[in-house]
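> Sharing a structure below in structure tokens format, with a few things to ask.
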Amino acid sequence: QTGNQPKHFLDLDRLDTAELRLMLDAAGRMKRGEAANGEAKLLAGKTLAMIFEKPSTRTRVSFEVAANQLGGQAVVLEPSGTQLGRGETVADTARVLSRYVDAIMIRTTKEEILLEMADYATVPVINGLTDVTHPCQLMADVLTFEEHLGRIDGKVVTWCGDGNNMAVSWIHAAVRFNFELRLACPEPLRPPQAVLDWAAAEGGKIVVSPDVDSLVKDVDAVVTDTWVSMGDDDGESRHNLLRSYQVDEHVMALAKPNAIFLHCLPAHRGDEVTAAVIDGPQSVVWDEAENRLHAQKGILAWCLT
Ligand code: CP
Ligand code: NVA
């Protein structure tokens, strides 16, 4: 990302630690109301386009509110109501939108579509979730962790459940923010080997095992996600594979006494987490959801300056 290339926010493995820290610092300043005037209104007169090929509550509303609060506006496109849904190419859509707007956020069914958008857009492209990653969520998650427990460097986080798009972005985050990540996943739902190989090559501290209890002992945070992601069509077999990966009070009791519970939401009480945990004293999921707004501002600030 040098020269005249737009500053895309595609995946955490494509960005370096210093850049990611700049985004988190900006997010914190915005949240505390400490941003300089130029930064606080950095979208004045600007427009963010948002393309959603999958449903969204948090990503959609937090980006739209962020754009408004930063002095700009957002335009939402659903493929069914645009020519994308009738076969206009991603490349042509990227070239046209770049003539109207100042940044493009896309939530898409395939990572390749995100990358194609970035190849052809002449404005920054932001990954609002793909089948394999969800980096904006991780920025909010790291922000939340650090608000509650201090710098995440050297800390230990355990992921329980499906080795899905969130798990992949947690792996990227563990490497970039230098913390240990333990993934308790059933064998058939391990994260992709290529991602684990990348993390190993980068010197990341990543452990994957099917044994929840041993991985959760004395950790700083426990995190999970839905057992059935958008686009998954094998819900019944996933429930069977993941039943013993539920985050309940027994699991939380093995972690450190001050450990926090994180979940990107939407949650399914009784499946991946019990009501007692997600609605209990260790859960920080509402701070985490709020921090999507502040994190989006930090990401937009980095992309546009
Ligand atoms: N966590 C998250 O991305 O939520 P939405 O699907 O509601 O955007
Ligand atoms: N893994 C989930 C995350 C939702 C924010 C999904 O892709 O549906």
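The values are calculated or read from the model by the stated rules, or taken from the named source; none is laboratory data. This one's a predicted model, so the numbers in the text were calculated from it and none came from an experiment. Here Cβ is always computed from backbone atoms with ideal geometry, including for glycine, and neighbour counts include all displayed protein chains. Just the protein is used for accessible areas: all its heavy atoms, side chains included, with ligands, DNA and RNA removed. Shrake-Rupley method; radii C 1.70, N 1.55, O 1.52, S 1.80 Å.
> What ³J(HN,Hα) values, in whole Hz, does the Karplus curve 6.51 cos²θ - 1.76 cosθ + 1.60 give for the range 146-154 when θ = phi - 60°, with x put for Gly and Pro?
Karplus values, whole Hz, x for Gly and Pro: 5, 5, 8, 10, x, 3, 7, 3, x.
> Could you give the alpha-carbon Rg of the range 65-173 over 2.2 N^0.38 Å, rounded to two decimals? Could the numbers behind the result be given before it?
On the way: Rg = 16.5 Å, N = 109, 2.2 N^0.38 = 13.1 Å.
Taking N as the residue count of the range 65-173, the ratio is 1.26.
> Let me ask another. What is the sum of charges around Ala275, taking Lys and Arg as +1, Asp and Glu as -1, for the other residues whose C-beta is under 14 Å from the C-beta of Ala275?
Details: positive: Arg269; negative: Asp248, Glu249, Asp271, Glu272, Asp279.
Local net charge: -4.
> For Met50, list long-range residues whose amide hydrogen, built 1.01 Å from N in the peptide plane, is under 5 Å from its own amide hydrogen.
For Met50, the qualifying residues are Val75, Val76, Leu77, Met105.
> Find how many whole Å separate the alpha carbon centroid of the range 188-240 from the alpha carbon centroid of the range 245-305.
Taking the Cα centre of the range 188-240 as reference, the centre of the range 245-305 is 16 Å away.
> So what's the net charge close to Leu70: Lys and Arg +1, Asp and Glu -1, counting the other residues with Cβ under 9 Å from its Cβ? Numbers along the way, then the final one.
Working: positive: Lys41, Lys46, Lys297; negative: Glu39.
That sum, taken over residues with Cβ under 9 Å, equals +2.
> For the range 109-179, state the semi-axes of the equivalent ellipsoid (square roots of 5 times the eigenvalues of the alpha-carbon gyration tensor), sorted largest first and rounded to whole angstrom. Intermediate values should be presented prior to the final figure.
Numbers: eigenvalues 133, 42, 17 Å².
One finds semi-axes of 26, 14, 9 Å for the range 109-179.
> Using only Cα atoms, find the angle between the long axis of helix 285-304 and the longest principal axis of the chain, and express it within 0 to 90 degrees, rounded to the nearest 10.
Once rounded, the angle reads 40 degrees.
> If you place +1 on the Cβ of every Lys and Arg, -1 on the Cβ of every Asp and Glu, and leave all else neutral, what size is the dipole of the chain about its Cα centre, to the nearest 20 Debye? Don't skip to the answer; put the middle values down first.
Numbers: 29 positive and 44 negative charges, 203 e Å.
It works out to roughly 980 debye.
> A further question on this structure: Would you mind computing the Rg to Rh ratio of the range 144-245 from its alpha-carbon coordinates, Kirkwood style for Rh? Before the final figure, lay out each step's value.
Numbers: Rg = 13.4 Å, Rh = 13.9 Å.
In the range 144-245, Rg relative to Rh is 0.96.
> How much space per residue, in cubic angstrom, does the convex hull of the C-alpha atoms of the range 264-305 take up?
Convex hull of Cα atoms, per residue: 68 Å³.
> In the neighborhood of Gln5, defined by Cβ-to-Cβ distances under 14 Å, what is the net charge if each Lys or Arg adds +1 and each Asp or Glu adds -1? Intermediate results must be reported in sequence, preceding the final value.
Details: positive: Lys7, Arg14; negative: Glu19, Asp119.
Here the charged neighbours net out to 0.
> Determine the dipole magnitude for the range 170-305: charges of +1 sit on the beta-carbon of Lys and Arg, -1 on that of Asp and Glu, nothing else is charged, the reference point is the Cα centre, and the result goes in debye to the nearest 20.
Values: 11 positive and 21 negative charges, 86 e Å.
Dipole of the range 170-305, to the nearest 20 debye: 420 debye.
> Just to be sure I follow the definition: excluding the sites themselves, where is the longest run in the chain that has none of the GluC sites (Glu not before Pro) in a DSSP loop with at most 16 other Cβ atoms within 10 Å? Before the final figure, lay out each step's value.
On the way: sites that count: Glu34, Glu88, Glu202.
Counting at most 16 other Cβ atoms within 10 Å as exposed, the longest clean stretch of the chain is 89-201.
> If you average over every viewing direction, what projected area does the convex hull of the Cα atoms of the chain give, in nm²?
Values: hull surface 60.5 nm².
That works out to 15.1 nm², a quarter of the Cα hull's surface.
> Tell me the per residue accessible area of the chain using a 1.4 Å probe; a whole number in Å² is fine. Don't skip to the answer; put the middle values down first.
Details: 12550 Å² over 305 residues.
It amounts to 41 Å² per residue over the chain.
> Once you treat every alpha carbon in the range 1-143 as an equal point and sum by Debye, what is log10 I(q)/I(0) at q = 0.09, 0.17, 0.20 Å⁻¹?
Values returned for q = 0.09, 0.17, 0.20 Å⁻¹ are -0.26, -0.99, -1.40.
> ³J(HN,Hα) across the range 100-115 via Karplus (A = 6.51, B = -1.76, C = 1.60, θ = phi - 60°), whole Hz, x for Gly/Pro?
9, 10, 9, 7, 10, 9, 9, 9, 9, 6, 9, 3, 4, 5, 4, 5
> Turning to a different aspect of this structure: Average the reciprocal distances over every distinct pair of alpha-carbons in the range 8-67, invert the result, and give the Kirkwood radius in Å. Mind dumping the intermediate values first?
On the way: mean 1/r = 0.0739 Å⁻¹.
Every distinct Cα pair counted, the radius reaches 13.5 Å.
> Counting other Cβ atoms within 10 Å, keep those with at most 14, restrict to DSSP loop, and tell me which trypsin sites (Lys or Arg not before Pro) in the range 45-113 are left.
Working: sites: Lys46, Arg58, Arg60, Arg86, Arg95, Arg99, Arg107, Lys110; in loops: Lys46, Lys110.
Those satisfying the criteria are Lys110.
> Could you work out what % of the accessible surface of the chain is carbon and sulfur, using a 1.4 angstrom probe and leaving DNA, RNA and ligands out of the count?
Carbon with sulfur: 49 percent of the solvent-accessible area.
> Quick one: putting +1 on the C-beta of Lys and Arg, -1 on the C-beta of Asp and Glu, what dipole do you get for the range 1-97 around its Cα centre, in Debye to the nearest 20?
Working: 13 positive and 12 negative charges, 55 e Å.
It works out to roughly 260 debye.
> Now for a different question. Nearest 10 degrees is fine. How inclined is helix 165-177 to the longest principal axis of the chain, computing both from alpha carbons?
Its long axis makes an angle of about 90 degrees.
> Where a ≥ b ≥ c are the square roots of the eigenvalues of the C-alpha gyration tensor, would you call the range 46-97 rounded, which needs a/c under 1.5, or, failing that, prolate if a/b is larger than b/c, or oblate? If you can, show how the numbers build up before the last one.
Values: a/c = 3.29, a/b = 1.61, b/c = 2.05.
Because a/c hits 1.5 or more and a/b fails to exceed b/c, the range 46-97 counts as oblate.
> Here is a follow-up. Per DSSP H run of n ≥ 4, the term is -39500 (n - 2.57); total these for the chain, divide by its residue number, and report the mean residue ellipticity at 222 nm rounded to 500 deg cm²/dmol. If you can, show how the numbers build up before the last one.
Details: 13 runs with 132 residues, N = 305.
Dividing the helical sum by the residues of the chain leaves -13000 deg cm²/dmol.
> Per 5 Å bin, what is the whole-percent P(r) computed from every C-alpha pair distance within the range 209-305?
Reading the bins upward from 0: 2, 12, 20, 20, 17, 13, 9, 5, 2, 0.
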